[in-house]
1. Find all pairs meeting these conditions: Cβ atoms under 9 angstrom apart; at least six residues apart or on different chains; first residue within the stretch 460-474 and not assigned by TED's automatic domain parsing to the domain that holds Glu515; second residue acidic (Asp, Glu) and assigned to a loop (DSSP other than H, G, I, E, B).
2. List every residue pair whose Cβ atoms lie under 6 Å apart, where the two residues are 6 or more positions apart in sequence or sit on different chains, the first residue falls within the stretch 70-86 and is assigned to a helix (DSSP H, G or I), and the second residue, located anywhere, is at pLDDT 95 or above and of a type outside the set (A, V, I, L, M, F, W, C).
3. Among the residues of the stretch 120-142, is there at least one that is within 18 Å of Glu307 (Cβ to Cβ) and surrounded by fewer than 21 Cβ atoms within 10 Å (Cβ to Cβ)?
4. Cβ-Cβ below 6 Å, separation at least six or inter-chain, first residue in the stretch 382-403 and touching a residue at least 12 places away in the same chain (Cβ under 8 Å) and crowded, with 19+ Cβ neighbours inside 10 Å, second assigned to a loop (DSSP other than H, G, I, E, B) and among the hydrophobic types (A, V, I, L, M, F, W, C): which pairs?
5. So which residues in the stretch 414-428 are without any contact (Cβ under 8 Å) to a residue 24 or more places away in the chain and charged (D, E, K, R)?
6. Of everything in the stretch 316-337 that's modelled with pLDDT under 95 and under 20 Å from Leu259 (Cβ atoms), which residue is surrounded by the most Cβ atoms within 10 Å (Cβ to Cβ)?
7. Within the stretch 200-285, considering only helices (runs of 4 or more DSSP H) that don't extend past its boundaries, which have at least 2 residues that are closer than 30 Å to Ala107 by Cα?
8. Tell me, please, whether a residue that is loosely packed, with under 15 Cβ neighbours inside 10 Å, more than 31 Å from the chain's Cα centre (by Cα) and assigned to a helix (DSSP H, G or I) can be found in the stretch 417-430.
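The values are calculated or read from the model by the stated rules, or taken from the named source; none is laboratory data. Remember, predicted model here, so these are calculated numbers, not experimental data. Backbone-built Cβ (ideal geometry, glycine too); neighbour counts: all protein chains shown.
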Amino acid sequence: MASISFSGSNHALQVGVSHGPISAEFHLPPERPETPPSPLSTVPFPRHPDFVCRKTLLNQIQKKCSVPGSRIALVGLGGFGKSQLAIEYSYQIRPESRTTWVFWIHASNEARFEQSFRDIADQVKIPGRQDPKVNIFKEVENWLRNEKKGKWICILDNADDDEFLCSLPVVEKGTLGRDIMNVITKPLIEYVPRNRNGSLIITSRSRAVALRMVHYRDLLEVKAMERSEAMEVLERQLGQSRESQGSHRLVEALEFMPLAIVQAASFIRERGPRYSVSKYLRDFQENKRKATRLMEAEVVNLYRDSEAKNSILVTWQISFDYLRQTKQSAADLLLMMSFFDRQGIPESLIRPQPEFKCKTTPELIDDFTGGDTSETDMSSEFEDDIMALRNLSFISISENSSFFTTHQLVQLATHMWLNKHGEIYQWREKFINNLYWEFPTGEYKNWEKCRLIYPHVRSAVSQPPRSQTSLLRWATLLYRGAWYASESGNVADVRKMASRSRKERMKVLGYEDEETLASSAMLAKAYSLEGQ
């Protein structure tokens, strides 16, 4: 073996031929300390130039975040403007407090959560952050705990899944690096520490998820805009004043929802000048198919997360799919509710009924032996389903807790899902059957109950079922509806309902059947009331 030695500032040995082991040591220069940056913001979105100030909500955010160590959550349906409120607040707070850091954390999944922590580590220049074995969550947590670094605000955006945020990660299921997973000792949300120099703002579709991270008093519900705010959004998006009856009616039809208004304005703007607000409104109100097509179309939005959907219906489909995965019975309840008039849905119409109500003869009723336990179980599950729908903001509950309201666009989204999966008639029949069992005859003694349910009977007029049994129940329901309408003076409804009832009964039962004759008499009464 031939060898040559080197000395001086560098030491080495050059070997020609070797038949034994050789070890070598490499001495890298120590990592040079980086200059600490000044407080900055990692919010990845520009400030929206057409943001419409929702003063009440922004004031609430500012007030709650002024408390040291605060944690708050903005909760509401997708497209209600939760993230935009957080973005706007982040831009408002920076000029007021240049010494406050603002960190944006994507919380839609584990991979984006981890990448957000790595981005924070890069921005604040945490030493050793490039080491693949370092626990980046612990390093960022330690930095946030250090009061010498100054005040900070973390915005946890789209925190809709509490499984990976609030539970210990599982190596087999997780998408985080295995080396990191092995050193995680607590839920990921706890790596955003609770200390006096920092505040946390969470945006989430789910009230239940948010309540696992914040106190209920610190939960802010983001609902639809005020009428004046919605009008301002439409005007700014169209680039001109639209103070017209058509504009007012359009924002009302879209239920003052920010994303839906932006979506509509974009559609109108792109097709102008041959398309207008009034034309859009006509198309939207013509039928559900046209409305679905309009609301399904996505638009370009540079001020939302690239992974977010810019269609109100597609956005809600994501929430609905999540509901189906976590609580199928609640998703089923929402599907049935989508057929009712959206306002004032009585509890009696949607609560599961005991089995005997679906039986038709005294003998079968006598054979019913369901017992109290099954009814108790049904009642408990119903309450859980209502809570799940409320937690995702799909429904709201009246002050007396007996009536429910949903959004017209939520109903549109669920019908889109039903049509896509071929289940529209299956759920329509359940809707008709529930009304059939609950809506009484139009006698005076029943008027109070009729008054509460009648708007939903009107919704049933244009929704005929397919099966013969359900068609006959539908015809009977419309006959009772015509009866009540005649007593309450709604002549147009009498004619419409009696006519549809008579037509179906003639088709199934024949001209001379007693029920067909009753519908014929009710139709004759309608003509008489109209002076014919």
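1. Filtered contacts from the stretch 460-474: no entries.
2. Note: pairs meeting the criteria are Lys82/Thr203; Ser83/Asp157; Ser83/Thr203; Ala86/Thr203.
3. no
4. Close Cβ pairs (under 6 Å, with a partner that is assigned to a loop (DSSP other than H, G, I, E, B) and among the hydrophobic types (A, V, I, L, M, F, W, C)) amount to Ser393/Leu77.
5. Lys420 - this is the single residue of the stretch 414-428 that is without any contact (Cβ under 8 Å) to a residue 24 or more places away in the chain and charged (D, E, K, R).
6. The selected residue is Trp316.
7. 207-210, 227-238, 258-271
8. There is no residue in the stretch 417-430 that is loosely packed, with under 15 Cβ neighbours inside 10 Å, more than 31 Å from the chain's Cα centre (by Cα) and assigned to a helix (DSSP H, G or I).
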